[in-house]
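Reviewing the structure listed below.
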Amino acid sequence: MDEFDVVVIGAGPGGYVAAIRSAQLGKKTAIIDKRWLGGVCLNVGCIPSKSLLKNADVAHTLRERGREFGFSIENLQLDFAAAVKRSRQVSDRLTRGVGFLMKKNNITVYMGEARFSSRQSIKVTTKDGAVEELKARDFIIATGSTPISIPGVSIDGVNVLTYQEAILQEKLPQSVVIIGAGAIGLEFATIWSAYGSRVTLVEMLPRIAPLEDEEISAELDKAFSKRGITCLTETRVLAVETTSTGVRVTTSSKDGESVIEAEQALVAIGFRPNSQNLDLEKVGVELTERKHIKVNDKLTTSVPNIWAVGDVTGKLLLAHVASAQGIRCAEAIGGREVIPLDYNMVPRATYSHPQVASFGYTETQARELGKAVKVGKFPFQPNGKALGLGDYGGFVKLVVDEDNGNILGAHLIGPEVSELLPELTLAQANGLTAADIARNVHAHPTLSEVLMEVAEVVEGKAVHL
Ligand code: FAD
């Protein structure tokens, strides 16, 4: 039986990052994955989707704005399969990089499915049925999550898809119904519509991007409609049937029932944790009602030497949250002092066009908390860099505590706004105020000048408004 200090189960952004930090702290470390290094994020999630979104951006510019930029292309041919192939190359390159990092840090990799046999040992079954048992002092569970479907709707992977089939298929659907207007639905809507698909987005809640600030949802809805994406909100999907030509989606809204016919449907309504098939009950690891693994601030489960990070903990299903937990968990195992994550204040981004980025409380949430709230809003329209990019829709909204100037949240929509979050989150975490951001000199011309201007709005004196 091979023996380790730390064994990590799952090699996604939670697990592989935890393994590296653990090895860096001098622990003899192993990692197990049943499918691939890099997890969902690198193989079929964050990374290939961002590559496809870059293609979508180029495709949209050429199809819709070629004349404005001075390109006239007769018979423009868009090869969607080539975009998918490029995304696979990007993904492969990064996952190979994870393999390299495992070797560099002397981490032993086991490819196989893990199940606990006791609190100190785990069994790994490889694809060919061979079983190995590993012993460790500490275990980190980082097994991620799996997409769920609507009750009664079965995913056939051909007409009715989850992101897993959608991200790998080289075919461009001529028409598609996307069920769920969260980050994944919004990103696929951007990709497919840019290539000319007829996209209908169906959301049960009153607005698309339902967890974002209301003004962000409204702006995104406007921008999507301009791109020809049909957004149906407060609309529930009752049934998805396959037909000889694709799918028939029956919906219900305040106007009654209706039917949408399309070539494909993408179900993007949420995830369930991969906490089953690990024999957790055998070792006494407790789950929440929704089957997430219960963890404390240090990422310890109900069993002191078993830890959990990433989607399986159900905090925020984001790669950087999984990695941040992974680092903290490995450091806690290594005896380091760990500052717990403030999940309210971690950055969140949706890479649709326009992009959406946020952290902290929305204006409504801040008011509901009883805070005296001061709000600043500044558009991208007067920003020279945005104008040069030809991408100047959207705005930044800063929510500040009127009593002490502390930043309570920020909500951004527009060009590359995900890149603008770190200045704001760093300010928030270190107790800096809008006045500090306003006084920080920003390079010109940059999109980041909008942060300085919005901070000036909060202070009551923006120059370019
Ligand atoms: P995962 O990445 O899911 O990795 C879990 C690993 O565990 C897998 O490799 C799996 O094979 C392995 N495993 C499971 N069970 C076992 C077992 N019993 N034995 C051995 N191995 C096992 N997040 C962002 O922050 N930014 C984005 O832009 C973004 N885009 C996304 C786009 C899409 C289309 C999707 C689907 C997700 C996206 N996400 C994004 C979310 C992000 O991918 C996840 O939050 C992240 O992958 C979670 O990391 P994890 O380590 O918890 O799990």
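The values are calculated or read from the model by the stated rules, or taken from the named source; none is laboratory data. Fair warning: this is a prediction, and the values are worked out from it, not measured in the lab. All Cβ positions, even for glycine, are placed from backbone atoms using ideal geometry, and neighbour counts span all protein chains on display. Heads up: the accessible areas ignore ligands, DNA and RNA and are worked out on the full protein's heavy atoms, side chains in. Shrake-Rupley method; radii C 1.70, N 1.55, O 1.52, S 1.80 Å.
In the range 366-465, counting only helices (runs of 4 or more DSSP H) that sit wholly within it, the ones holding 3 or more residues that are surrounded by 19 or more Cβ atoms within 10 Å (Cβ to Cβ) span 421-429, 434-439, 449-459. Modelled with pLDDT of 95 or more, near the ligand (Cβ under 9 Å from one of its atoms) and either loosely packed, with under 15 Cβ neighbours inside 10 Å or not basic (Lys, Arg) (or both): does that describe residue 42? When the stated conditions are applied, residue 42 passes them.
Listed residues 257, 215, 219; which is more than 27 Å from residue 399 (Cα to Cα) and open to solvent by 30 Å² or more (accessible area, probe 1.4 Å)?
257
The set of residues in the range 296-329 that are among the acidic types (Asp, Glu) and either within 7 Å of the ligand (Cβ to nearest atom) or touching a Gly at 6+ places or on another chain (Cβ under 7 Å) (or both) contains only 311. Hey, among the residues in the range 358-375 that are out of contact with any Lys or Arg (no Cβ under 7 Å at 6 or more places or on another chain) and among the small types (Gly, Ala, Ser), which one's nearest to the ligand (Cβ to nearest atom)? Within the range 358-375, the match that is nearest to the ligand (Cβ to nearest atom) is 360. Close contacts from the range 39-54, counting a first residue that is on the phi > 0 side of the Ramachandran plot and a second that is more than 7 Å from the ligand (Cβ to nearest atom), with Cβ to Cβ under 8 Å and a gap of 6+ residues or different chains, come to 39/16. Looking at the structure I just gave you, is residue 278 in contact (Cβ under 8 Å) with a residue 60 or more places away in the chain, in a loop (DSSP other than H, G, I, E, B) and within 18 Å of the chain's Cα centre (by Cα)? No; evaluated as a whole, the condition is false for this residue. Quick one: which residue in 65, 21 is in a helix (DSSP H, G or I), open to solvent by less than 70 Å² (accessible area, probe 1.4 Å), touching a residue at least 24 places away in the same chain (Cβ under 8 Å) and touching an Asp or Glu at 6+ places or on another chain (Cβ under 7 Å)? Only one candidate qualifies: 21.
Conditions (1) loosely packed, with under 14 Cβ neighbours inside 10 Å; (2) within 10 Å of the ligand (Cβ to nearest atom), marked per residue:
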position	(1), (2)
133	yes, no
136	no, no
146	no, yes
151	yes, no
157	yes, no
173	no, no
178	no, no
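Of the residues screened, residue 83 is one that is within 16 Å of the ligand (Cβ to nearest atom), assigned to a helix (DSSP H, G or I), in contact (Cβ under 8 Å) with a residue 24 or more places away in the chain and among the small types (Gly, Ala, Ser).
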